[in-house]
1. Which of the following residues is under 21 Å from the mean Cα position of the chain (by Cα), crowded, with 24+ Cβ neighbours inside 10 Å and modelled with pLDDT under 95: PRO377, PRO390?
2. Output the residues belonging to the range 81-94 that are buried (at least 23 other Cβ atoms within 10 Å of the Cβ) and at pLDDT 85 or above.
3. Only residues in the range 88-117 that are closer than 30 Å to SER266 by Cβ count as the first member; pair them with residues that are buried (at least 22 other Cβ atoms within 10 Å of the Cβ) and hydroxyl-bearing (Ser, Thr, Tyr), Cβ under 6 angstrom, at least 6 apart or cross-chain, and list the lot.
4. Looking at this structure, is MET402 at pLDDT 90 or above and touching a Lys or Arg at 6+ places or on another chain (Cβ under 8 Å)?
5. So which residues in the range 26-52 are under 23 Å from ASP102 (Cα atoms) and surrounded by fewer than 24 Cβ atoms within 10 Å (Cβ to Cβ), if there are any at all?
6. Just give me the residues in the range 53-69 being buried (at least 18 other Cβ atoms within 10 Å of the Cβ) and either of a type in the set (Ser, Thr, Tyr) or under 11 Å from the mean Cα position of the chain (by Cα) (or both), in sequence order.
7. With touching a helix residue (DSSP H, G or I) at 6+ places or on another chain (Cβ under 8 Å) and surrounded by 14 or more Cβ atoms within 10 Å (Cβ to Cβ) as the only criterion, which of PHE195, PHE119 stands out?
8. Which one of the conditions (1) closer than 27 Å to VAL381 by Cα; (2) open to solvent by less than 10 Å² (accessible area, probe 1.4 Å); (3) of a type outside the set (D, E, K, R) does LEU187 fail to meet, given that it meets all the rest?
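The values are calculated or read from the model by the stated rules, or taken from the named source; none is laboratory data. Given the structure is predicted, the values throughout are model-derived calculations rather than measurements. Because the Cβ atoms are built from the backbone with ideal geometry, glycine has one as well, and the counts that use them run over all protein chains shown. Ligands, DNA and RNA are stripped out before the accessible areas are found, and what is left, the full protein with its side chains, is counted by its heavy atoms. Shrake-Rupley method; radii C 1.70, N 1.55, O 1.52, S 1.80 Å.
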Amino acid sequence: MTLALGCIADDYTGASDLANTLTRCGLRTVQTIGIPADDLQLPDVDAVVVSLKSRSIAASRAVEKSRAAEKWMRSRGADHVLFKICSTFDSTDGGNIGPVMDALRLDSGDNIVLVTPAFPETGRTVYQGNLFVGSVPLNESPLKDHPLNPMHDSNLVRVLARQSATNIGLVDLGVVACGADVVRTHLDGLSENGFGAAIIDAVFASDLETIGAVALGHRVSVGASGMGLGLARALVASGRVKANAGTSIKDTPVGGAAACLAGSCSQATLQQIARAEQVMPVLHLDPEQVIAGGAEVQRALGWAKERLGKGPVLIASSSTPDQVTALQKRHGRDAAGHAIEQAMADLAEGLVRAGVQRLVVAGGETSGAVVDRLGIPGFLVGAEIAAGVPVLRAVGAAERQMLLALKSGNFGGPAFFEDALSLMT
């Protein structure tokens, strides 16, 4: 297997989002959970997205994991590696985007790295280095209040400068609008003046194609799925990849019981849970009881087993931002988050043992905990449920025929859970 593109994602739902984007652009894509073992049989593909759970861990560990993933991809022929980050640039002043970017740039030998979380089709744009969600700056949007990585500064040049050891420049929209050659000249000038990375504006879908064409001339880039779209289109336009219909996972129906787990506290997921209550049984976990011990998980599993034979069920640990803040104050942010993640992983394991073969998971941290517990090494990418969320078929686990959907908290419309289950057959 010789890769045209290697990708390192800092969480599992972001990896699915990127894999979905690459597949839509015609690249045969596999998403793996962690760096694949040497004996894992992967199909012949154009791109591999290695999913790491590195967004909220210590920066030194995120760097270590990301460098190991890059080394694996380079050994499989990848000339370009994309470090895939969240489209809301979820990160603290200590990292992890800056430290990982610095390490990958050093390893690659690049003088300068292009960085953008822009993806206009999902409402994420960057103008004058500032990240917008729809029509408002990120720090004025509801997305600013991520429980682990709140983002209260929309100026990405400032944000990245606080994390990185290099100087951070800007490629503004006026330069991007002049085309790839002008962008390259601008980057050369930044590099000559000591800048090791540059935030690049993108407001329109066509901007991503310009960015992708420029980035492909480097060894490393950093961005959300919009950067992946630009790179994929550049690979096809250059003839290095022949566009195809992507990887099909429709051949063999899976069937079996279905369940949904929701751990995200985003407004979108809370609305989706409320909608799901109209069409399926929904159980809301008591977060205090979850933190207290395993009895709440056993109660939820008992509740689910009584209902799985009649149709899908949904179990939610999701709470409003105020409730999350209060819980964190009582128990500590890390302790509360870890307890809830492990409870959701326990539930996933118990549901699979009870016969669930179709599983929908909402929330990046929740998805990471669930997939780690189930021990699934990788996925083939299938039909798109909603923008950024594909159906995934487990690979490398012959004894566990499963379909999954891993959703970032803010993705999907009100009927997401119904839409997902209708495509997972």
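1. On the way: PRO377 fails: crowded, with 24+ Cβ neighbours inside 10 Å.
Going through PRO377, PRO390 in turn, the sole match is PRO390.
2. VAL81, LEU82, PHE83, LYS84, ILE85, CYS86, SER87, PHE89
3. Sorted first by the residue in the range 88-117, then by its partner, the pairs are ILE97/SER91; VAL100/SER66; LEU114/SER221; PRO117/SER87.
4. Values: at pLDDT 90 or above: yes; touching a Lys or Arg at 6+ places or on another chain (Cβ under 8 Å): yes.
Answer is yes for this residue.
5. GLY34, ILE35
6. Let us first name the residues in the range 53-69 that are buried (at least 18 other Cβ atoms within 10 Å of the Cβ), namely 53-56, 59, 62-63, 65-66, 69.
Within the range 53-69, LYS53, SER54, ARG55, SER56, SER66 meet the criteria.
7. Values: PHE195 fails: touching a helix residue (DSSP H, G or I) at 6+ places or on another chain (Cβ under 8 Å).
Selected residue: PHE119, the only one of PHE195, PHE119 that is touching a helix residue (DSSP H, G or I) at 6+ places or on another chain (Cβ under 8 Å) and surrounded by 14 or more Cβ atoms within 10 Å (Cβ to Cβ).
8. Here LEU187 clears every test but (1).
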